[in-house]
Amino acid sequence: MERRANFIGGSFCEPLGGQYMEKRDPATGQSFALVPASDEQDIAAAVEAARQAFPQWAALPSEERARLLLRLADIVEQHLEELALAESRDTGKPLWLARQLDIPRAVRNFRFFATGLLHLSSEAYRGDGDIFSYTLRQPLGVVGCISPWNLPLYLLTWKVAPALAAGNCVVAKPSELTPTTAQMLAQLACQAGLPAGVLNVVHGDGPRAGAALVAHPEVRALSFTGGTRTGAEIARIAAPMFKKLTLELGGKNPFILFADCHFERAVAEALRAAFSNQGQICLCGSRILVHRPLYERFRQEFVARVRALRVGDPLEPTTQQGALISEAHLQKVLAYIELAQQEGGRILCGGERLRLEGRCRNGYFVAPTVIEGLAPECRVNQEEIFGPVVTLIPFDTEEEAIAYANSVPYGLAASIWTENLARAHRVAEALQAGVVWVNCWMVRDLRTPFGGVKQSGLGREGGWEAFHFFTEPKSVTLALWRD
Ligand code: NDP
């Protein structure tokens, strides 16, 4: 068995309570590693290490902080292959996807915020009379970064990079299901020369290690990505302590095709939006709303392409769909497929667990599934499934499409497909979502604010929003007296 370790104050260490959890490979179902089941004591040690490192890290000239983070980006890039392999083994995602998406994005996250740091500025106001005001943006101190299992290094670094760039010290708590690349990042951070205590990684489950990080009084801010219920629990504890919070939560995103869309591109992207990472991306387009004149044609073409998707061993280069993260998650996804049938849905393809041959025979694979005939308000169309399951919903008018799109408790992302410019703008404005794509999906300019509305979250990440979150503004006003 491999063993993962916490990284506290610049050293790898065992959990103080000596407890471990098993980590399984989703593609094979086999345990292969032990992960620290850390508790309050480990969190306290990590927060203390971060607290001690903070004054020096915050005082470092920004060019020096930027140089260290750029060096870390280079080192992560040099280790792309090992990191991608580890990410694929921890998550069950195709290796090529980890190579093309997850790890390159982690590199980009560090480069983006390291260089952004060099362009930070703040406002200054020459007021009426003899008044001059300006704003200082100071780092917060120790911040907590809690990330999920679906895009482990990608999302962890999306938080860690701006937090460090802004001058904070971090205690990171990755998902217990995907500990490996966080541990490798800690190693690489040492290699890059990050001072001890600036970045700390504590493994453990959410209710124990995660909750201890949330409740620690020295942790000034929490950046969380995960499920909506967990987000609510974190807010319940953190809000009365007046901690800064960003919550990036679930989604039930509409992918809306109007009859005048570019059909070929729309079908190809609908497929990608529905099934990338086995549908386990918060931005996935899990409800495909199709203008009725296009419905039959779209359904035929889409289902044919879904049937042709190759589900297989994540290590095979021809595999398009890998494994789901865990047996428990697989059972949740299958339960939603069952529920869809009870709610009157028709399964057009998929709908079952797949048993592969060879080393993956005990892996957590589900056939990509398309369902039609469900009312927009039924549970399957309202609740986040977070798996390779999409529903098709026909609509007749623009107003109806908007009403269906907005009818869910979530409001993370939406994708609109039309060649009509005025309609694209109108619909984008009317949708209740933090992110809207027109004629594309999951295209990210890291400068734009990222986050959701309604039960998809609170606050924004990305660009200056992230620097603003990880700093506290202080207004200084001077009276310019004349003698
Ligand atoms: P969870 O909410 O279960 O977990 C997310 C993280 O929070 C994990 O590290 C988890 O630890 C930890 N955690 C769990 N309970 C607590 C707690 N009480 N206090 C503190 N931390 C806790 O989500 P999943 O990992 O299952 O991820 C899937 C969810 O994430 C989906 O709902 C998805 O939509 C959402 N997501 C949102 C994104 C966005 O940007 N809006 C992007 C990606 C995913 P552990 O797993 O070790 O128990």
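The values are calculated or read from the model by the stated rules, or taken from the named source; none is laboratory data. Keep in mind that what you see is a predicted model, and the values were worked out from it rather than measured. Here Cβ is always computed from backbone atoms with ideal geometry, including for glycine, and neighbour counts include all displayed protein chains. In case anyone asks, the SASA skips ligands and DNA or RNA and just uses the protein heavy atoms, side chains included. Shrake-Rupley method; radii C 1.70, N 1.55, O 1.52, S 1.80 Å.
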Residue by residue through the range 461-473, note down the ones that are in contact with a Ser or Thr (Cβ under 7 Å, 6 or more places away or on another chain) and buried (at least 17 other Cβ atoms within 10 Å of the Cβ). GLU461, GLY462, GLY463, PHE469
For the range 255-277, how many residues are touching a strand residue (DSSP E or B) at 6+ places or on another chain (Cβ under 6 Å), open to solvent by less than 10 Å² (accessible area, probe 1.4 Å) and either free of Cβ contacts under 8 Å to residues at least 60 places away in the same chain or under 30 Å from GLU465 (Cα atoms) (or both)? 5
Just one of (1) over 25 Å from ALA114 (Cβ atoms); (2) surrounded by fewer than 16 Cβ atoms within 10 Å (Cβ to Cβ); (3) within 23 Å of the chain's Cα centre (by Cα); (4) of a type outside the set (Ser, Thr, Tyr) trips up GLU14, so point out which. (3)
Selected residue [part of a strand (DSSP E or B), open to solvent by less than 40 Å² (accessible area, probe 1.4 Å) and of a type in the set (Val, Ile, Thr)] from ILE416, ILE402: ILE416
Could you check how many residues of the range 148-166 are surrounded by fewer than 24 Cβ atoms within 10 Å (Cβ to Cβ), within 30 Å of SER122 (Cα to Cα) and in contact (Cβ under 8 Å) with a residue 60 or more places away in the chain? 0
Just the residues that are more than 11 Å from the ligand (Cβ to nearest atom) and over 18 Å from ARG229 (Cβ atoms), please, taken from the range 446-458. LEU446, ARG447, THR448, PRO449
Residue under evaluation GLY129, criteria (1) on the phi > 0 side of the Ramachandran plot; (2) within 14 Å of the chain's Cα centre (by Cα), criterion not met: (2)
Just for the range 167-186: of the residues that are among the aliphatic types (A, V, I, L, M), out of contact with any Cys (no Cβ under 7 Å at 6 or more places or on another chain) and open to solvent by less than 10 Å² (accessible area, probe 1.4 Å), which one is nearest to the ligand (Cβ to nearest atom)? ALA182
Scanning the range 227-242 for residues that are in contact with a helix residue (DSSP H, G or I) (Cβ under 8 Å, 6 or more places away or on another chain) and open to solvent by less than 40 Å² (accessible area, probe 1.4 Å), which turns out farthest from THR391 (Cα to Cα)? ALA238
Pick out, from the range 20-136, the strands (runs of 3 or more DSSP E) lying fully within it that include 3 or more residues that are of a type outside the set (Phe, Trp, Tyr) and either under 20 Å from THR471 (Cβ atoms) or open to solvent by less than 10 Å² (accessible area, probe 1.4 Å) (or both). 31-36
Test: residue in the range 180-192 that is in a loop (DSSP other than H, G, I, E, B) and either touching a residue at least 40 places away in the same chain (Cβ under 8 Å) or of a type in the set (Lys, Arg) (or both): no
Got a number for residues in the range 332-365 being touching a residue at least 24 places away in the same chain (Cβ under 8 Å) and within 16 Å of the ligand (Cβ to nearest atom)? 4
Picking from GLN341, GLN300, GLN331, the residue that is touching a strand residue (DSSP E or B) at 6+ places or on another chain (Cβ under 8 Å), assigned to a helix (DSSP H, G or I), at negative phi and open to solvent by 60 Å² or more (accessible area, probe 1.4 Å) would be GLN341
